[in-house]
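Trainee: Submitted below is the structure of interest, expressed as structure tokens.
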Amino acid sequence: MKLSNLNSLMLTVSFLTFSSAQKILDASPLITSSNSEFGGAIEGASVDVNGNIFATNFDAKLFNVGRITPSQSLYHTSTSLGTKFNGIRFIPLTKSQVDQGIKSVAFLANVNENQIAKIVEDKDGKIEQSSFCQDQTLSLPNDVAFSYLHDKIYISAQNFTEDTVIGDGGLWICDGKSGETMKLESFGRTNGVEVSPDETTLYLSEAFNKDAKVISNKIWKFDIDQSTGKVSNQALFVDFEKLDGTQAIDVDGMRTDIDGNLYVTRHGEGQVVVFSSKGSIISRVKLSSIIKTTNLEFGGKDGKTLFVVGACKDDDTKGCVDTVQNDVLGRAFSALKSLNGKR
């Protein structure tokens, strides 16, 4: 055997060994089409300080947010029935807010009204909604991430056209105290957005269509300026065409755990891909009841249960939820627990 062929064989064996070493995790169904009270447009999985999980499209209404745990129930109905809620993030309360009897504060992407809505729940369960982040450049906001160190909201957006062009999506930053909003940069369709646990890195997905077909899906990473919260030094984190040829399957929601691993939903593949902060695949989570996977979040009493939401595989008019137990805390749950009432 020629040396070049031997080297090629060794590389092939090494690749197969590495691939087979990736963990394959099987998720368990929590909410199925037979008992779901959510519609097929379920999105925006989010966690509060108690580990309860929330999502949009409760009762199949775009303007509703519902609880997934501790049991399915309506949480909030928008003050405007033209609302389409998508991404949701709960934030830590200040000591002053706790003293005032405020129970929770959350930011929600309101797609149809081109704004981030703020909802404030008091101890009696009454919720007040207001428009918070809004400017003339923000169009079709899709998902949100939150910087706990800088009180900044990062916003993605996507205009789904047959032929994607730069400007169909982008990245915005909104001040979590004043609501001042500005566009940082234009992209193709942007969707998943998340911050690393040390808040030095921002992740953002970007996709392109051509002739109504998805032809590209990538995740970019940026450095976060520790004084302003703005981002710089855009670098490729993963290109799914080069990784495994799945560039036609959209990235949707993304979340990190406290070790810095990035959890990525693939809309149409029925799985979650878990990357290390270096960009290598750690594991893949196979979903039991979902194929059109939209979003995910860690919650539960210990903050280590991964909840994944999306349209049900056997009835896409219903929203399903799968879970898998992790051994690492989710970033959002950890931050809420450690910061709530202490700022």
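The values are calculated or read from the model by the stated rules, or taken from the named source; none is laboratory data. Quantities reported herein were computed from a predicted structural model and do not represent experimental measurements. Neighbour counts run over all protein chains shown; Cβ positions are idealised from the backbone, glycine included.
Trainee: Considering only region 61-79, how many residues are of a type in the set (Val, Ile, Thr) and either free of Cβ contacts under 8 Å to residues at least 24 places away in the same chain or not in a loop (DSSP other than H, G, I, E, B) (or both)?
Mentor: Going through region 61-79 one residue at a time, the tally reaches 2.
Trainee: Being under 23 Å from Val321 (Cα atoms), crowded, with 16+ Cβ neighbours inside 10 Å and modelled with pLDDT of 95 or more: is that true of Glu206 here? Walk me through how you get there before you give the answer.
Mentor: On the way: under 23 Å from Val321 (Cα atoms): no; crowded, with 16+ Cβ neighbours inside 10 Å: yes; modelled with pLDDT of 95 or more: yes.
Taking the combined requirement at face value, the residue does not satisfy it.
Trainee: Any residue at all in region 270-280 that's touching a residue at least 40 places away in the same chain (Cβ under 8 Å) and within 21 Å of Ser34 (Cα to Cα)?
Mentor: yes
Condition check ((1) modelled with pLDDT of 95 or more; (2) buried (at least 24 other Cβ atoms within 10 Å of the Cβ); (3) touching a Pro at 6+ places or on another chain (Cβ under 7 Å)) across all residues:
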| site | (1), (2), (3) |
| --- | --- |
| Met254 | yes, yes, no |
| Val274 | yes, no, no |
| Lys278 | yes, no, no |
| Lys286 | yes, no, no |
| Ile291 | no, no, no |
| Leu296 | yes, yes, no |
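Conditions tested, residue by residue: (1) touching a Lys or Arg at 6+ places or on another chain (Cβ under 9 Å); (2) surrounded by fewer than 22 Cβ atoms within 10 Å (Cβ to Cβ); (3) closer than 27 Å to Cys312 by Cβ.
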residue	(1), (2), (3)
Asp168	yes, no, no
Asp175	yes, yes, no
Pro197	yes, yes, no
Ile258	yes, yes, no
Gly270	yes, no, yes
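Trainee: Mind checking which residues of region 1-45 are touching an Asp or Glu at 6+ places or on another chain (Cβ under 9 Å) and either within 27 Å of Val193 (Cβ to Cβ) or at pLDDT below 50 (or both)?
Mentor: Scanning region 1-45 gives Ala27, Leu30, Ile31, Ser36, Phe38, Gly39, Gly40, Glu43, Gly44, Ala45.
Trainee: Looking at Gly87, Gly51, Gly82, can you tell me which residue is assigned to a loop (DSSP other than H, G, I, E, B) and touching a residue at least 40 places away in the same chain (Cβ under 8 Å)?
Mentor: On the way: Gly87 fails: assigned to a loop (DSSP other than H, G, I, E, B); Gly82 fails: touching a residue at least 40 places away in the same chain (Cβ under 8 Å).
From the options Gly87, Gly51, Gly82, the qualifying one is Gly51.
Trainee: Restricting attention to region 112-124, does a residue exist that is at pLDDT below 95 and of a type in the set (Lys, Arg)?
Mentor: Yes, region 112-124 has at least one match.
Trainee: Cβ contacts < 9 Å: first residue under 30 Å from Ala248 (Cβ atoms), restricted to region 286-307; second residue of a type in the set (S, T, N, Q) and in a loop (DSSP other than H, G, I, E, B), any location; separation 6+ or different chain. Result?
Mentor: Ser288/Thr32; Ser289/Thr32; Ser289/Ser33; Phe298/Asn326; Leu306/Asn326; Phe307/Thr69
Trainee: Name the single residue, out of those in region 278-309 being among the basic types (Lys, Arg) and in a strand (DSSP E or B), that is nearest to the chain's Cα centre (by Cα).
Mentor: Across region 278-309, the extreme among qualifying residues is Lys292.
Trainee: List the residue pairs whose Cβ atoms are under 7 Å apart, where the first residue sits in region 156-169 and is of a type in the set (Asp, Glu), the second is not in a loop (DSSP other than H, G, I, E, B), and the two are 6 or more positions apart or on different chains.
Mentor: That search, which allows pairs on different chains as well, returns Glu162/Asn209; Asp163/Asn209; Asp163/Lys210; Asp168/Gln158; Asp168/Arg189.
One line per residue, one yes/no per condition, for (1) in contact with a strand residue (DSSP E or B) (Cβ under 8 Å, 6 or more places away or on another chain); (2) touching a residue at least 12 places away in the same chain (Cβ under 8 Å); (3) not in a strand (DSSP E or B):
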position	(1), (2), (3)
Lys103	yes, yes, no
Ala106	yes, yes, no
Asn112	no, yes, yes
Lys118	yes, yes, no
Glu121	yes, yes, no
Phe132	yes, yes, no
Thr137	yes, yes, yes
